[in-house]
1. Determine if region 246-261 includes at least one residue that is within 27 Å of the chain's Cα centre (by Cα), polar (S, T, N, Q) and outside any helix (DSSP H, G or I).
2. Give 323, 387 a once-over and let me know the one that is closer than 20 Å to residue 213 by Cα and more than 16 Å from ligand 2 (Cβ to nearest atom).
3. Taking residue 119 as meeting all but one of (1) in contact (Cβ under 8 Å) with a residue 60 or more places away in the chain; (2) outside any loop (DSSP other than H, G, I, E, B), write down the number of the exception.
4. Criterion first (farther than 17 Å from residue 185 by Cα, in contact (Cβ under 8 Å) with a residue 12 or more places away in the chain, away from ligand 2 (no atom under 16 Å from the Cβ) and crowded, with 20+ Cβ neighbours inside 10 Å) does residue 138 satisfy it?
5. What strands (runs of 3 or more DSSP E) completely inside region 31-96 contain at least 3 residues that are surrounded by 18 or more Cβ atoms within 10 Å (Cβ to Cβ)?
6. Within 14 Å of ligand 1 (Cβ to nearest atom), assigned to a helix (DSSP H, G or I) and in the same structural domain as residue 174 (by TED's automatic domain parsing): which single residue out of 99, 111, 105 fits that description?
7. Based on what the data block shows, is residue 369 more than 15 Å from residue 142 (Cβ to Cβ) and away from ligand 2 (no atom under 14 Å from the Cβ)?
8. Considering only region 98-113, I want to know if a residue exists there that is under 23 Å from residue 18 (Cα atoms) and of a type in the set (S, T, N, Q).
Amino acid sequence: MNFKDLRINGQRLKSTIEELAKIGGTPGGGMHRLSLTDADKKARDLLVQWMREIQLEISIDEMGNIFGKKRGGKDDLPLVLSGSHLDTQPFGGRFDGILGVTGALEALRVLRENRMETRRTVAMVNWTDEEGTRFAPAMLGSGVWTGKFDRDWAYSRPDVQGIKFGEELERIGYRGQAPARNWPVHAYFEYHIEQGPVLEKIGKRIGVPKGILGIIWYDVWVEGKANQAGPTPMDARNDALVAAAEMVLKLNKLPGKMGGDMVTTVGEIHNSPNSRNIIPDRVRFTVDIRSWDDGLKKKAAEELEKEFAGISRRRGCPVRMEVIWDIPHTVFDPNLAQRVEKTARQLGYSGHSMVSGAGHDAAYVNQVAPTAMIFVPSMGGRSHVEVENTSWEDCEAGANVLLHCLLRSANE
Ligand code: GLV
Ligand code: MN
Ligand code: MN
């Protein structure tokens, strides 16, 4: 068969995604498969089994990133890589990350069954802890691999129960031998759902991101004075939760205040001791600020720190803010993005240039290798939720674009 006539097997891609959705699947049709949990281990085991079935050369690095290579004729040349992540949000969806891993697997299955040889090695990857929900920050696996985070610092990151990333990696048996250090990559393609409303709204099938918004994450601790809810007068309180509530509203108003494109979110909050008749004395919450404009993001963060300090003073509730992640906006390789756009057109799919609001491992890989992404529509623009959905036709279309982008780059 000619390279150009190759197509992925849409039915097989669908059943692969459906098999994975059984591991950590929720009654609401979503996924709850946080990083380095038993469910993550089971999903990894299944992936490794599938990778073995097509004779990929598998290596697992010391961050638990799983790589599978199909050697090319000139395997001393920098290889072509594609993948994403199998970990999910709590009560998240079946496609986020999973489509990119299964799409790459499907492309490699097609190459194997058609006995297609490429000039360069083609490899796939499952990155560890992309979501950053259980172990923050996000993208620890690709972050260490690209030299942005220190490995031992990553190992020391705790979950809410104080269990360390490194301990859990060891426990599930995925602390591999290979050094978590990047090697020369000729091209990296990450196939993903859009996670937003744009493609569906304009009726286009393939999104071609030119980059990703910059992101800053804070952990915030607010301290108050616990006391009896009944006898304590309103003017004699240092209520940590009320101070935090004011802070949450301040953050919500920040994009409007700063002007320009920006989104802000508090998605996680822990209140202590969390009893209806005790004035709370300890609150921890998260802050997520995103913008394409790194300067605006920096100014917004400074403004926020000032505002929070003011609230803290007024309410007599000490606040501590820690920046746990700060990643500038990403600009993908224009030539590879053009390859995605052109490939989509040649395959008869409509394309659209856009920006990704969601973070991806591609942001880190982009810092060490030419990188591009391929997006397909998210139904109703919903993601990180159980109803996250993408039509099987769109899943198939995006995987065909991925297959042909990989082939083009691998034969350069
Ligand atoms: C990753 O899922 C993100 O937070 O965008
Ligand atoms: Mn993702
Ligand atoms: Mn996600």
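1. No, the conditions are met nowhere in region 246-261.
2. 323
3. Residue 119 satisfies every listed condition except (2).
4. No.
5. Result: 66-70, 79-85.
6. 99
7. So residue 369 does not fit the description; no.
8. yes
The values are calculated or read from the model by the stated rules, or taken from the named source; none is laboratory data. Model, not experiment: these values are computed from the prediction. Neighbour counts run over all protein chains shown; Cβ positions are idealised from the backbone, glycine included.
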